[in-house]
Amino acid sequence: LLALAETQGENEQLTSYNRILAIEPGQPAASKKKQGILRERAETAERNEDLAIALKLYQQIDDRDAINRLQRRLRRGEVDSQLALVRKYEEIEDWQSIISIYQKLQVKFPDEGDWQTSLETARTQARLLGTYTKALHVLQTGDTKLAQRLFGNIIGIQPDYKDAAFYLVLASRGVTGENLLHEIRTLKQRIPDSQRYTRTEKTVQSP
């Protein structure tokens, strides 16, 4: 069988070496040849970024250093993929999806990041967004006292959150409902950095 293997292609060689090792486990020549083929395949797969395949091949030859290296790369790759999703969800302020991702990362990869801090930040942002949305609604419907309290709560947590400070000023002046857009445009003319409030007119709709 050893002599036959020398005349065969790689796949047939593996079959022959496996037959030999079934007959004589640990047979030196067959073990060395088989490990050589599998190692070359593993290294090729790793160079081609086929990490899952490379890992399985390294496991077959019990290369502990390579196994540990690839397991770290696979973990990091999965974490990076999830963090890329987080960045996309941040753009649309989908904080619930972000919270779900951090919860999964906390369970699956506890040592790959400070997930608890990230989770707390996401939860805070979710609460701020909910409060901000409610505050805008009550301001438009005329409840300036509640609007002041809600915008004040937001500023107490994050002073530069969206246009909360701007709306707090409007609420404290009693500006509501149909006068809101007019007041926004008027104040914009007095503010040098008018671009800051481009979002504001789009957010507020007259009742």
- Using the Karplus equation 6.51 cos²θ - 1.76 cosθ + 1.60 (θ = phi - 60°), what ³J(HN,Hα) coupling, rounded to whole Hz, does each residue of segment 103-117 give in order, writing x for Gly and Pro? 5, 5, 5, 5, 7, 7, 10, x, 9, 9, x, 8, 5, 5, 5
- Carbon plus sulfur fraction of accessible area for segment 1-149, probe 1.4 Å, in percent: 49
- Query: Would you list LYS134, LYS162 from the most to the least accessible area, probe 1.4 Å?
  - Reply: LYS134, LYS162
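With an 8 Å cut-off on Cα pairs and a minimum separation of 6 or more residues, tell me the relative contact order of segment 1-134 in percent.
Details: 91 pairs, mean separation 16.2, N = 134.
It comes to 12 percent, rounded to a whole number.
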- Item | For segment 8-163: Kirkwood Rh in Å [reciprocal of mean 1/r, alpha carbons] | 20.2
- Contour minus Cα-Cα span, THR44 to ARG149, at 0.36 nm per residue, comes to 31.5 nm
- Long-range amide H partners of GLY142, meaning residues 5 or more apart or on another chain whose placed amide H is closer than 5 Å, are GLY177
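The values are calculated or read from the model by the stated rules, or taken from the named source; none is laboratory data. No experiment lies behind these values; they were computed from the predicted model shown. Ligands, DNA and RNA are stripped out before the accessible areas are found, and what is left, the full protein with its side chains, is counted by its heavy atoms. Shrake-Rupley method; radii C 1.70, N 1.55, O 1.52, S 1.80 Å.
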